[in-house]
1. Calculate what fraction, in whole %, of the accessible area of the stretch 176-281 sits on carbon and sulfur atoms when a 1.4 Å probe is rolled over the protein chains.
2. With the other protein chains left in place, how much accessible area per residue, in square angstrom, belongs to the stretch 45-137 at a 1.4 angstrom probe?
3. Using a simple spin-label model with points 7 Å from Cα along the Cα→Cβ vector, what separation in nm is obtained for ASN344 and HIS266?
4. Could you do me a favour and compute the accessible area per residue for the stretch 277-376, 1.4 Å probe, result in Å²?
5. May I ask for log10 I(q)/I(0) of the stretch 366-488 at q = 0.18, 0.21, 0.23 Å⁻¹, from a Debye sum over the Cα atoms as equal point scatterers with solvent left out?
6. Can you pick out the pairs among LYS154/LYS600; LYS101/LYS129; LYS129/LYS755; LYS171/LYS491; LYS101/LYS491; LYS491/LYS755 whose Cα atoms lie more than 29 Å from each other?
7. Output wanted: per-residue J couplings in Hz (rounded whole) for the stretch 636-644, from phi through Karplus 6.51 cos²θ - 1.76 cosθ + 1.60, θ = phi - 60°, x for Gly and Pro.
8. Semi-axes of the equivalent ellipsoid for the stretch 225-278, please: Cα gyration tensor eigenvalues, times 5, square-rooted, ordered largest first, whole Å.
Amino acid sequence: METRTNEYSRKGAMWELERNLDQPMDAEAGRLRNMYREKTYPTILLLRLAFQSLGVVFGDLGTSPLYVFYNIFPHGIEDTEQVIGALSLIIYSLTLIPLVKYVFIVLRANDNGQGGTFALYSLLCRHAKINIIPNQHRTDQDLTTYSHRTYEEKSLAAKIQRWLEGHQFRKNLILILVLFGTCMAVGDGILTPAISVLSATGGIQVEEGRMRNDVVVIISVVILIGLFSMQHYGTDKVSWLFAPIVFVWFILIGILGAVNICKYDHSVLKAFNPVYVYRYFKRGKTSWTSLGGIMLSITGTEALFADLSYFPVQAIQIAFTVVVFPCLLLQYTGQAAFIAANTNQVSHAFYISLPAPILWPAFAVATAAAIVASQATISATYSIIKQALALGCFPRVKIIHTSKKYLGQIYSPDINWILMVFCIAVTAGFKNQSQIANAYGTAVIMVMLVTTFLMIPIMLLVWRSHWTLVVAFTVLSLLVEIPYFSAVVRKIDQGGWVPLVFAAGFMIIMYVWHYGTLKRYEFEMHSKVSMAWILGLGPSLGLVRVPGIGLVYTELASGVPHIFSHFITNLPAIHSTLVFVCVKYLPVYTVPPDERFLVKRIGPKNFHMFRCVARYGYKDIHKKDDDFEKMLFDSLLLFVRLESMMEEYSDSDEYSTLMMTLPNNPGISNGGVTATGTSNVMEVMSCTSSHDSIVPVNSKSNDTGSSQVMPASGQMAFQTVGDEIAFLNACRDAGVVHILGNTVIRARRDSGFVKKIAINYLYAFLRKICRENSAIFNVPHESLLNVGQVFYV
């Protein structure tokens, strides 16, 4: 009590007034904590999911044998031992990176079943306050899907947490690392279709030796145009074909590899002895530069993690260890045996080693597998962009659901055509596998390095692993990845510059957009309207209150936005009910629909002002406006009923007990809307005690038991909850208007040259070409009201 008195005296009566009238949403947040647990699946179902994962997850990794050896030995081979040394590196790279690092370690670092760079970032944001935009609240931790841990004060995890949170530079560094990995993953989405389709169609030259390379490039471009043109149909209609195609592909390459080992040179089996890795590097500089080609054997590994959302971890582990890993080992070993016996036929070694009768069937399967691999990477790119958009790191683009059954299957027409243009440019510009492979290898190794560095705080904070295990994981990962990185750096001038250019372009766009978003949020935070000013206007807010509901969209989860004062001072009338709507994204993969909305009242009841926070995860997408509007209004009615029920209580534990019983009480109903659905998360505080001592200007209490017009304010005072619900229903019937603030930021005159370019030109251009907020929220134009303002940063 003494502490509160000191705080009151220090911050003054005005602070106390605003605290009482616009309280945080602790009481409205849910108390249920149903932490995520790894689901258990029956054995038959798990095997079926493992089979299906072949078509979504492993297509890229499975098509690598089409081009690996050609890129290792583009100028031919010297002797058999050189082939054995390269094969030994391939074997142990496949073992250490895809099998050990990803399948058995990194896959465990999923965000409730979601994978990828942003999934790792969301995990870190929940365990340490490193999110640059500070729009999170402790009530968000009550979400079912929000899992996090607390640490002992002197533990290593607590020290790491404080170190990460201690300086803005470290937060920015992690954000830049995440954005860089994301940009490289987008580059992977551009390069995978190019090299996969070009390598597959290159098999035509084996049968038609006189066919020029330009014809192969044209065929590849036609296939790519067809692939990107069909994206708007979604993968749901053809996904049932993916798994059988890739399964047949793996069986084909496995059998072919075993046959080639027996037919040509089984001495290549010596490559399983790691001593040949040492001997390979002793051969000199040529062996070191060939690492870029060897690294292509593990391309597609990052897709194991990025496409995790479709399947459980156990299914991917079974598919990789039982089918993918053995078949890849057999194929690479068989190809090495063929090359050792035919040293002058490294180019298209896969197709040349095929028996003549199955060449064309194998070509058809290879082309289909390449298309499947490209499709998986393109779909993963859409998801990455969606995650970046949700966290305020990418301009608003159109996102479309292509499947009613699977939430994760989305399509972005803007991103699709950008990918197609870049992909065709790469394919037609380079015209050969070697330079595209160098670019591809650069993108892949960068993503792997980013994953390694992000796994360090994940293991310390989320898993609370012993530091020796973290050191062992980091050393073993970098022991493989650093040599590959040094090899691809040597080939930057031979095509490796392509993903760096893509990454730089996307990085500038993402960072500038995030910077502008942050500055807009900071402006909103620092220019909030004082509650005392609103109270001084009276229940009518100094205007004519016309029938209807006004939804005022804001980025603030607390307080009244500055745009509202601009609106009040420039218009003669305002709606009789106002709802300040904050749509915010949280670092979770999804927010269950029954936990989406938090509602509370702003000011006294006869002001008819509410706040609604609509929370979304980075996988969620806004439904159509009618659904969003209906859910919001239902939550508002539920809040009014529960608030009325809670006014007689004063103990928060009693609130929780009552809330736990509400979902099973069908009797709480009025006007055809029952108090269920969101009741498990909408816990209501009794604000009456804090408002009773506040008498707004010209307000009167209603002693007659029925609603009546207040003389000065024109507002209604309600004796019963039914009166207020009837009033809200009448307001809704009168019409709903969506009020959107259009805040434009400009750099100050004394700002630096770089800042002026970034804000006044680049950010302004991005805002001009990106989708409007009204389109994102699906607001009909006849119900839209835009309010603009300019401020300088």
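The values are calculated or read from the model by the stated rules, or taken from the named source; none is laboratory data. Keep in mind it's a predicted model, so treat the numbers as computed, not measured. Here the Cβ is made from the backbone with ideal geometry for all residues, glycine too, and neighbour counts use every protein chain on show. Protein only, heavy atoms only, side chains kept; ligands, DNA and RNA dropped before computing areas. Shrake-Rupley method; radii C 1.70, N 1.55, O 1.52, S 1.80 Å.
1. Carbon with sulfur: 69 percent of the solvent-accessible area.
2. 27
3. If labels sit at ASN344 and HIS266, their model points lie 2.9 nm apart.
4. I get 32 Å² per residue for this part.
5. With no solvent term, the Cα-only Debye profile gives -1.16, -1.21, -1.25.
6. Table pairs above 29 Å Cα-Cα are LYS154/LYS600; LYS171/LYS491; LYS491/LYS755.
7. 5, 5, 4, 4, 4, 5, 5, 4, 5
8. Result for the stretch 225-278: semi-axes of 39, 15, 10 Å.
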